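The values are calculated or read from the model by the stated rules, or taken from the named source; none is laboratory data. A quick note: this is a predicted structure, and the numbers were derived from the prediction, not measured. So basically every Cβ, Gly included, is an ideal-geometry build from the backbone, and we count neighbours across all protein chains shown. Areas reflect the complete protein model, heavy atoms only, side chains present, ligands, DNA and RNA absent. Shrake-Rupley method; radii C 1.70, N 1.55, O 1.52, S 1.80 Å.
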Amino acid sequence: NRLTIWFRGNSDNAAETLYVALNGSAVVTNDNPEAALTTDWTEWNIDLQAFADQGVNLANVNTIGLGLGNKKNPLAGGSGTMYFDDIQLHPEP
């Protein structure tokens, strides 16, 4: 039903959009465009339907990727530190 990711960044990071990609192509971005600057652990809940709507077969997910910026138009030169923890899948109750 949902994917949960806990993250935190660093105040020295550049302001960038955080994204998660399933199977290398279906991308969902975090609502906070400055997520990389967040210094407190932050829970991000993503409805799996957002990936299914992009054609992902949720019964056949091979990869999960986390990144900053624009996955479809990456730019070189970023730097900083991000932490990710407790990546969980929560089925419907």
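When the residues of region 72-93 are narrowed to those that are touching a residue at least 12 places away in the same chain (Cβ under 8 Å) and polar (S, T, N, Q), which ends up least open to solvent (accessible area, probe 1.4 Å)?
Thr81
Within region 38-60, is even one residue touching a residue at least 12 places away in the same chain (Cβ under 8 Å), of a type in the set (A, V, I, L, M, F, W, C) and in contact with a Pro (Cβ under 8 Å, 6 or more places away or on another chain)?
no
Can you name the residue in region 43-67 that is open to solvent by 70 Å² or more (accessible area, probe 1.4 Å) and assigned to a strand (DSSP E or B) and is also farthest from Phe84 (Cα to Cα) among such residues?
The qualifying residue farthest from Phe84 (Cα to Cα) is Asp47.
Kindly indicate the residue of region 12-41 that is more than 20 Å from Ala76 (Cα to Cα) and out of contact with any Lys or Arg (no Cβ under 7 Å at 6 or more places or on another chain) and also most open to solvent (accessible area, probe 1.4 Å) among those meeting that condition.
Asp31
Do we find that Asp53 is charged (D, E, K, R) and closer than 20 Å to Pro91 by Cα in this structure? Steps first, answer last, please.
Working: charged (D, E, K, R): yes; closer than 20 Å to Pro91 by Cα: yes.
Here the answer is yes, as Asp53 does meet what is asked.
Taking the residues in region 25-37 that are in a strand (DSSP E or B) and either aromatic (Phe, Trp, Tyr) or free of Cβ contacts under 8 Å to residues at least 40 places away in the same chain (or both) as candidates, determine which candidate is farthest from Ile87 (Cα to Cα). Walk me through it before giving the result.
If we filter region 25-37 for residues that are in a strand (DSSP E or B), which is where we start, we get 26-29.
Subset that is either aromatic (Phe, Trp, Tyr) or free of Cβ contacts under 8 Å to residues at least 40 places away in the same chain (or both): 26, 28-29.
On the way: Ala26: 17, Val28: 15, Thr29: 16 Å.
Filtering region 25-37 for residues that are in a strand (DSSP E or B) and either aromatic (Phe, Trp, Tyr) or free of Cβ contacts under 8 Å to residues at least 40 places away in the same chain (or both), the one farthest from Ile87 (Cα to Cα) comes out as Ala26.
Suppose the filter is touching a Leu at 6+ places or on another chain (Cβ under 9 Å) and in contact (Cβ under 8 Å) with a residue 60 or more places away in the chain; does Gly69 pass it? It would help to see each step written out before you state the result.
Numbers: touching a Leu at 6+ places or on another chain (Cβ under 9 Å): yes; in contact (Cβ under 8 Å) with a residue 60 or more places away in the chain: no.
Answer is no for this residue.
Only one residue in Phe51, Phe7 is aromatic (Phe, Trp, Tyr) and out of contact with any helix residue (DSSP H, G or I) (no Cβ under 9 Å at 6 or more places or on another chain). Which one? Break it down into steps so the answer makes sense when it comes.
Working: Phe7 fails: out of contact with any helix residue (DSSP H, G or I) (no Cβ under 9 Å at 6 or more places or on another chain).
Just one listed residue meets the conditions, Phe51.
Quick one: in region 75-93, of everything that is hydroxyl-bearing (Ser, Thr, Tyr) and assigned to a loop (DSSP other than H, G, I, E, B), which residue is modelled with the highest pLDDT?
First, the residues of region 75-93 that are hydroxyl-bearing (Ser, Thr, Tyr): 79, 81, 83.
Filter again for assigned to a loop (DSSP other than H, G, I, E, B), leaving 79, 81.
Details: Ser79: 79, Thr81: 93.
Going through the qualifying residues, I end up with Thr81.
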